[in-house]
Amino acid sequence: MSNRDQVEAVVREIYARRCAGDVDGLMAMFGPDPHFRLAGDEILGPLTTEVRGREDLRAILERLTNAWDWRDYRVDTVVVEGNRAVVHSKGTMFYVPKQQSFPTETLDLMTIADGKIADFLQFCDTHMAARAMDILPV
């Protein structure tokens with residue numbers, strides 16, 4: 001198996017675990033000192049604050065998994081260069097607390113080290129998410 005195949009396998013596995021709402025499975029995909037962030041303006045603080053370390057990562061993954069249902073969301077394209085992957089995904093996200101669905105797309109940038117995710121940066125429609133979560137600034 002090539003390095004490219006290994007990176008893509010890690011990437012596809014994390015999305016499968018996210019769609020299943022499997023927090024323990026997601027945590028198993030990250031390395032010992034992971035970084036995670038949704039790209040966006042700091043005014044949307046809870047959505048865009050960088051998370052570092054396994055304890056904080058677990059907390060945010062639990063929060064996101066409890067709030068958002070990703071079952072109808074699919075990977076469209078994976079581009080791998082070395083140990084980095086760019087992933088375009090699309091579909092319908094379901095915000096559980098309000099029972100609302102949102103068609104949307106994301107673009108993720110990941111760095112893989114020793115078969116685990118070291119860095120995960122997601123570009124998403126933060127306005128849609130902030131609106132759904134009632135955290136838009138006044």
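Report those helices (runs of 4 or more DSSP H) wholly inside segment 1-71 carrying at least 3 residues which are modelled with pLDDT of 90 or more and either small (G, A, S) or surrounded by fewer than 19 Cβ atoms within 10 Å (Cβ to Cβ) (or both).
3-19, 23-29, 54-67
Counting only residues that are among the hydrophobic types (A, V, I, L, M, F, W, C) and under 15 Å from W70 (Cα atoms), which one in segment 100-127 is farthest from the chain's Cα centre (by Cα)?
If we take residues in segment 100-127 being among the hydrophobic types (A, V, I, L, M, F, W, C) and under 15 Å from W70 (Cα atoms), then F102 is farthest from the chain's Cα centre (by Cα).
Select, from D134, D108, D119, D114, the only residue that is farther than 19 Å from V11 by Cβ and not β-branched (V, I, T).
On the way: D108 fails: farther than 19 Å from V11 by Cβ; D119 fails: farther than 19 Å from V11 by Cβ; D114 fails: farther than 19 Å from V11 by Cβ.
Within the list D134, D108, D119, D114, the selection yields D134.
Considering segment 98-138 alone, what residues qualify as being in a strand (DSSP E or B) and over 25 Å from M27 (Cβ atoms)?
Q100, S101, F102, P103, E105
Could you grab me the full set of residues in segment 1-21 that are among the charged types (D, E, K, R) and either touching a His at 6+ places or on another chain (Cβ under 6 Å) or touching a residue at least 12 places away in the same chain (Cβ under 8 Å) (or both)?
Across segment 1-21, the qualifying residues are R4, E8, R12, E13, R17, R18.
In segment 92-137, how many are of a type outside the set (K, R) and farther than 15 Å from D72 by Cβ?
30
The values are calculated or read from the model by the stated rules, or taken from the named source; none is laboratory data. As the structure is a prediction and not an experimental result, all values here were calculated from the model. Note that we place each Cβ from the backbone using ideal geometry, even for glycine, and neighbour counts take in every protein chain shown.
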